[in-house]
1. Which helices (runs of 4 or more DSSP H) does the range A:146-218 wholly contain that include 1 or more residues that are away from chain B (no Cβ under 11 Å) and under 30 Å from residue B:50 (Cα atoms)?
2. Report, by residue number, each residue of the range B:39-74 that is within 11 Å of chain A (Cβ to nearest Cβ), out of contact with any strand residue (DSSP E or B) (no Cβ under 7 Å at 6 or more places or on another chain) and surrounded by 20 or more Cβ atoms within 10 Å (Cβ to Cβ).
3. Does the range B:42-57 hold any residues that are touching a helix residue (DSSP H, G or I) at 6+ places or on another chain (Cβ under 6 Å) and touching a residue at least 24 places away in the same chain (Cβ under 8 Å), and which are they?
4. Residues that are under 29 Å from residue A:88 (Cα atoms) and free of Cβ contacts under 8 Å to residues at least 24 places away in the same chain: does the range A:178-197 have at least one?
5. Need the failing condition index for residue B:98 against (1) at pLDDT 95 or above; (2) touching a helix residue (DSSP H, G or I) at 6+ places or on another chain (Cβ under 8 Å); (3) within 11 Å of chain A (Cβ to nearest Cβ), just the number.
6. For a quick check of your reading of the model, give me the residue pairs whose first member lies in the range B:20-40 and is assigned to a loop (DSSP other than H, G, I, E, B), whose second is modelled with pLDDT of 95 or more, with beta-carbon atoms closer than 7 Å and at least 6 apart or on different chains.
7. Tell me the residue from A:76, A:98 that is at negative phi and assigned to a loop (DSSP other than H, G, I, E, B), please.
8. Looking at (1) surrounded by 17 or more Cβ atoms within 10 Å (Cβ to Cβ); (2) at pLDDT below 95; (3) away from every other protein chain (no Cβ under 14 Å), which is the only condition residue A:111 fails?
């Protein structure tokens, strides 16, 4: 697991932080809790749960990253069932396609387009479930089609081709830069105006549960 | 009671004790001021321990660091405290180096709470602290040996003095 557990942000073949020193977090304090920070407005169709939930959880992911799949399948699904649906957590998906993954942006385009037809969650589910296959073949459309009706697929295809969904992806990427996200998946928790990025690579359901329960007790 | 000699060696020892103790107190404070689950996630990122021991370590290590820091600054049980600090820092260094060499640099160092990435800089800092602690351990043992030797030397000197007088 060590060495493959996370995907660092690569730029020109070398590890690099995308951007530093933007206003929402103090410079050089990637992981420090930041008081009075507010999560940037999410595209509602890319978020799950009640916006008035006491905790907001932003997850920066790359659909082609294996540890993002692992986090989604082993941790986020349980979070959705136990915290999002009961109204305790507002879960926001943020796209962070990495340059090292050739199909990550295209997959993000399909997921964002699916959000426009109200099928974001289903498409995310299928993208992660079939990640190994489309990562090898590049046939993302085939994978996505399994989760949509032909009519929905037609709309999604049109949106992807129009390039309209790229703005939403770029917005997420710039939010990630603001938080100095250095790898995927990165989870950022906002509770009572306090923003805390969780230690990269160390999040699992049982520890996350302990943390969320601690915040909810406050 | 004879006055305690304040040599430059003692001053260096005191400064080293306070510096190292301060680092341990700060490390403990940064962890204890956050929910333990956050530190547990930092430990878990190293992918070395089963979950039960991650939890145990996250709950106990900050308190151990607090106690070590206090002992080092106070100078109580110095040999034991300095030895434990050296072993601890060597352990941290080994774990960090292993992850660093495996290319797992996206994770948190976990040294001073959440948010500091594992890097060459954090490794160098840990190595420097380890050497400082090792030096302190050696000095603490040496000072103890000197103290132990001193009472034995005194009666011998008295005896020599008496013998000298008798010879006159």
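1. A:205-217
2. Answer for the range B:39-74, where residues must be within 11 Å of chain A (Cβ to nearest Cβ), out of contact with any strand residue (DSSP E or B) (no Cβ under 7 Å at 6 or more places or on another chain) and surrounded by 20 or more Cβ atoms within 10 Å (Cβ to Cβ): B:39, B:40, B:41, B:43, B:44, B:46, B:54, B:58.
3. B:43, B:46
4. No.
5. (2)
6. Filtered contacts from the range B:20-40: B:35/A:211; B:35/A:214.
7. Answer to the selection: A:98.
8. So the condition that residue A:111 fails would be (2).
The values are calculated or read from the model by the stated rules, or taken from the named source; none is laboratory data. In this text, all values refer to a predicted model and were calculated from it rather than measured experimentally. Neighbour counts run over all protein chains shown; Cβ positions are idealised from the backbone, glycine included.
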